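Data block below; observations after.
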Amino acid sequence: MAGGGAGLLQLPALIFLGLPFSLALATHKIATVALGVGATIKHFRAGTADPKFVLLLLLFGLPGVMLGANVILAVPEDLAQKALGVLTLGLGVYSFFKPTLGQQFEPKNRSRWGLTLGGLGLFIIGFLNGSLTSGTGLFVTLWLVLWFGFDFIRATAVTLVLVGLCWNGLGALTLALQTPVQWSWVPALLLGSVIGGYCGAALALKNGNRLIKKLFEILTLVMGLLLLF
């Protein structure tokens, strides 16, 4: 609902319940795909996610995801998470001091050059998504607001399709081929994720941009602190 970051809640919960990190991560990635499915269905029905625009941005982001998944093997996980924590906190603080951010849908940078630069930004975020376990959906949401002039409702819709369904789908497939999955937990996680994603999208559409912006700020601040400490 708030434009990403659900993984920073679900992944630690699976670890808390006793799963080793690699097993928890693979299981979590599969569940987050279902979260994307639920939200995607609701947003496509409401017309807030333009399929052609989503496909264009997807073509830029997926190569970054694949590249990041390979590069992260050489980066200490603790350092990567600290860096993500600082960046995430920065997003929340920036949004807090910009009261009008994402409140109106004002399309911009839709020329070929603008789309190319916007796609490059998503390639970089996709690289982070492949490199880091969770939380990069928040970066996609803010990038869509700042560069393409989305309001928070439309930015969240595109984020849930790009990250929740497509990027995490690629990550889930990659991890499932390389590491075990706690398959006995997957049905309950899938059901909860689909229902939660659909209901969260419906609540966002009903309550508008102001609520999503506040939730975005709260989530970025909380997750940034959790990653740092």
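Taken together, the values in this text are just the output of simple stated rules run on the coordinates, not laboratory data. Predicted, not measured: the structure shown is a model, and the values here were computed from it. So basically every Cβ, Gly included, is an ideal-geometry build from the backbone, and we count neighbours across all protein chains shown.
Could you line up 22, 95, 184 from fewest to most neighbouring Cβ atoms inside 10 Å?
On the way: 22 13, 95 22, 184 8.
Fewest to most other Cβ atoms nearby, the residues stand as 184, 22, 95.
Sorted from fewest to most neighbouring beta carbons within 10 Å, what does the list 94, 198 look like? Let's see the in-between values first.
Working: 94 14, 198 19.
Least crowded to most crowded, the residues run 94, 198.
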Among residues other than residue 198 whose Cβ falls under 11 Å from its Cβ, what is the net charge (Lys/Arg +1, Asp/Glu -1)? +2
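For residue 59 and residue 98 in one chain, what is 0.36 nm times their gap in residues minus the Cα-Cα distance, to one decimal in nm? Please report the intermediate quantities before stating the final value.
Numbers: separation 39, 0.36 × 39 = 14.04 nm, distance 3.04 nm.
Full-extension gain reported as 11.0 nm.
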Exposure proxy order (Cβ contacts within 10 Å, fewest to most) of 106, 217: 106, 217
